[in-house]
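S.K.: One structure, pasted below without further comment.
The values are calculated or read from the model by the stated rules, or taken from the named source; none is laboratory data. Note that the structure is a prediction, hence the values are computed from the model and not measured. In this analysis, Cβ positions are derived from the backbone assuming ideal geometry, glycine residues included, and neighbour counts consider all displayed protein chains. The protein model used for the area step is the full one, side chains on, heavy atoms only, and it has no ligands, DNA or RNA in it. Shrake-Rupley method; radii C 1.70, N 1.55, O 1.52, S 1.80 Å.
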Amino acid sequence: WLQLHPEKRPAIILCPAHLKLNWAKEIKMTLSDNLNTQILQGSKPYPITGEIVIINYDILKNWVEELQKIKANVLIFDEAHYIKSNSALRTKATKKLAKEIPHRIALSGTPIVNRPIEGFNIAQVINKAIFPNFMSYARRYCNAHHNGFGWDFSGSANKEELHQKLTETIMIRRKKADVLPDLPSKLYSYIPMEICNTTEYKRAEVDFIAFLTETKGEKAAEKASQAEHLVRMEALKQLAVQGKIKQAVQWIRDFLDTNGQKLVVFGVHKTVVDALMKEFKEEAVKVDGSVSATKRDEAVVAFQEDPNVKLFVGNIQAAGTGLTLTAASAVAFLELPWTPGELAQAEDRCHRIGQENTVNIYYLLADGTIEAEIAQLLDEKKAVLNAVLDGKEIEETQLLEVLIKKYKERRES
């Protein structure tokens, strides 16, 4: 829609914090490299100059007045269920911002027909005339009643009528099953993540570049010093993971809450697997090097058959081969291994016989770090890209050589 209406600027993109960089990436790919896209950060407002302005719900309350000054033509609010609560500050801020913006588009994977009360605020922001009164909406569609302690709006009523009213006015709904014939067997997405330890990471990166000054650059990867290169690069990778883990957890939580689907997540290090299990222990199972063969089978069966087990957390080496995880049609990678073929093996845990859906594969990558460098190589270097998509092996040293060369060029520039 933004592409079809280039005259509708400025446009504001409102989304969860962990999706801001992804929106910027998609805008660059879809609209234009030259488009002035501004990502707002922090709670202290500063001048807004972007044609496309990206902001997250958590800081919106601090920016509403500044955003009103730019007289935006479009408001797109992603993961619109974020404003389901009337009392939430982000809901109040979103409503206030939307008042004077002529074009308003809400995006959500949550079927609001199943949770009628959660759809009221979304409909209000898009077109207040459809449901002008909260209590009449709640009584008609939420089976609102007083339970002796207060009003209960958690029920549902007249769902077919609500669905018809929404689809005839403001809602376009597309389920995966509706478009499956047009989709490839696998869909790949890079999801950029912000890191919270930028200073620590940059210091380690500078040390690594200084180390390269004392070596013979990419040729060193072929010799005895390869091990030291690996150790130093691995340190950068682990710092990147530490910095993005909070946002990655939020992305996983949003996926599970809004898609109604199961998810397989792969990491490399035990600390990553353990961190995820701590966050999702009530609805997750894991397979890593510490899990016995019996427990491993039990974890797979639980994931495949128990509707309450929504998340499978696996170590790429321990869980990346041999398992069938077709209860999920989505795979997320929190860490990238050094051998690209391992990625293809791991993603095929879901893409196996018995899988009837397109498999969505997400790479949750720390932006501006070595992870992004590797991702860029996957795009730029055909051999590496083929290794990921088609499972063709390439020598580990090839990847190291190219990475070292990139860092060396950065040092010289």
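S.K.: Out of all the residues in the stretch 81-95, is one or more part of a helix (DSSP H, G or I) and within 21 Å of His163 (Cβ to Cβ)?
M.R.: yes
S.K.: Another question, if that's okay. Out of the stretch 282-324, which residues are more than 25 Å from Lys237 (Cα to Cα) and open to solvent by 70 Å² or more (accessible area, probe 1.4 Å)?
M.R.: Residues satisfying the conditions are Glu282, Ala293, Thr294, Lys295, Asp297, Glu298, Val301, Glu305, Pro307, Asn308.
S.K.: Separate question: Is the stretch 170-191 home to any residue that is closer than 30 Å to Glu347 by Cβ, crowded, with 16+ Cβ neighbours inside 10 Å, of a type in the set (Phe, Trp, Tyr) and at pLDDT 85 or above?
M.R.: no
S.K.: Does Glu335 meet the test of being under 28 Å from Ala204 (Cβ atoms), in a loop (DSSP other than H, G, I, E, B) and charged (D, E, K, R)?
M.R.: yes
S.K.: Quick test for you: out of Met277, Met233, pick the one residue that is aliphatic (A, V, I, L, M) and out of contact with any helix residue (DSSP H, G or I) (no Cβ under 9 Å at 6 or more places or on another chain).
M.R.: Exactly one residue qualifies, and that residue is Met277.
S.K.: Quick one: how many residues across the stretch 1-24 are in contact with a strand residue (DSSP E or B) (Cβ under 9 Å, 6 or more places away or on another chain) and either surrounded by fewer than 16 Cβ atoms within 10 Å (Cβ to Cβ) or more than 14 Å from Ile55 (Cα to Cα) (or both)?
M.R.: Total satisfying the criteria: 5.
S.K.: Within the stretch 148-161, work out how many residues are open to solvent by less than 80 Å² (accessible area, probe 1.4 Å) and assigned to a loop (DSSP other than H, G, I, E, B).
M.R.: Going through the stretch 148-161 one residue at a time, the tally reaches 7.
S.K.: Mind checking whether some residue in the stretch 68-75 is touching a helix residue (DSSP H, G or I) at 6+ places or on another chain (Cβ under 7 Å), of a type in the set (Lys, Arg) and either open to solvent by 30 Å² or more (accessible area, probe 1.4 Å) or modelled with pLDDT of 90 or more (or both)?
M.R.: The answer is no, given that none of the residues of the stretch 68-75 is touching a helix residue (DSSP H, G or I) at 6+ places or on another chain (Cβ under 7 Å), of a type in the set (Lys, Arg) and either open to solvent by 30 Å² or more (accessible area, probe 1.4 Å) or modelled with pLDDT of 90 or more (or both).
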